[in-house]
Amino acid sequence: MNNINLLIIHLLLFTPTSVFSGWTDLEGKSCKDTPDRKSIGKNGTWLILPDNEKDVFSRWDTPSDIFHVKSTNSIERGKILSVLVFFIGCGADKDNKCNLVVKYRIIRPDGKIYADIPYQEAWVGKPAPINNTIGLSMGYIQIIIDPGDPLGKYTVHATVYDNNLKSTYALETNFVALESKSINNKLPQPKR
């Protein structure tokens, strides 16, 4: 399990003339791009598989300097795994509105396509986040590994496209599908 701290910077901490470079750590230093986290200039995107989606959403609207997300790299068969994209900044249009879209593609352990989901809204027609605050994509997916699906390593690709800047963020992460640990993972059978 990974622990991820997303830095949310309050409006009062920085002036509008401050220059940012995408994702920064707790000391304000720029983070290097990784397969799941990319920056282009002062904008950036981050693909995260949260350990507890309900916890993330319940805390999302509470202002704080740090937003802590526990991520996971595995899921048991039959459980729900959410795939979220966080972002910093966007190419704002003349009305200061974003036009970010996201599509997802998931590859099974055997190399076959598990899901190929077309572009959907990430943040469209909404105000651009100001002063390096973090946004959460409107479009996200949930994965459930069903009984017929193979176990093993799945690869999740998210492509975030900024229509205003004509820029693309290609993100990737992985998770391992495991057999359920529950003792009774079969449907109850009627008694004769």
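The values are calculated or read from the model by the stated rules, or taken from the named source; none is laboratory data. Computed from a prediction, not measured in an experiment: that's the story for all the values here. Backbone-built Cβ (ideal geometry, glycine too); neighbour counts: all protein chains shown.
Of the strands (runs of 3 or more DSSP E) lying entirely inside the stretch 125-171, those containing at least 1 residues that are of a type in the set (Lys, Arg) are 152-162. Reported count of residues in the stretch 40-67, each being free of Cβ contacts under 8 Å to residues at least 40 places away in the same chain and part of a strand (DSSP E or B), is 1. Among the criteria (1) closer than 22 Å to Gly125 by Cβ; (2) assigned to a loop (DSSP other than H, G, I, E, B), the one Val85 does not fulfil is (2).
Answer yes or no as to whether Thr168 is over 20 Å from Asn52 (Cβ atoms) and either touching a strand residue (DSSP E or B) at 6+ places or on another chain (Cβ under 6 Å) or modelled with pLDDT of 95 or more (or both).
Details: over 20 Å from Asn52 (Cβ atoms): yes; either touching a strand residue (DSSP E or B) at 6+ places or on another chain (Cβ under 6 Å) or modelled with pLDDT of 95 or more (or both): yes.
Judged against the criteria, Thr168 is a match.
Residue selection: Asp116 satisfies the criterion of being modelled with pLDDT of 95 or more, closer than 22 Å to Ser74 by Cα and among the acidic types (Asp, Glu). Please determine whether any residue of the stretch 86-105 is farther than 18 Å from Pro50 by Cβ and free of Cβ contacts under 8 Å to residues at least 24 places away in the same chain. Checked against the condition, which is being farther than 18 Å from Pro50 by Cβ and free of Cβ contacts under 8 Å to residues at least 24 places away in the same chain, the stretch 86-105 yields at least one hit.
Apart from one condition, Ala177 fits all of (1) part of a loop (DSSP other than H, G, I, E, B); (2) surrounded by 15 or more Cβ atoms within 10 Å (Cβ to Cβ); the exception is (1).
In the condition set (1) surrounded by 13 or more Cβ atoms within 10 Å (Cβ to Cβ); (2) farther than 19 Å from Asn174 by Cβ; (3) modelled with pLDDT under 95, Leu100 is compliant with all but (3). Only a single criterion out of (1) farther than 22 Å from Ser180 by Cα; (2) out of contact with any Pro (no Cβ under 9 Å at 6 or more places or on another chain); (3) at pLDDT 85 or above; (4) surrounded by 13 or more Cβ atoms within 10 Å (Cβ to Cβ) is not satisfied by Gly89, namely (2).
Residues that are buried (at least 16 other Cβ atoms within 10 Å of the Cβ) and without any contact (Cβ under 8 Å) to a residue 60 or more places away in the chain within the stretch 123-142 comprise Trp123, Lys126, Ala128, Pro129, Gly135, Ser137, Gly139, Tyr140, Ile141, listed in sequence order.
Would you be able to tell me the number of residues in the stretch 143-162 that are surrounded by 15 or more Cβ atoms within 10 Å (Cβ to Cβ) and more than 17 Å from the chain's Cα centre (by Cα)?
2
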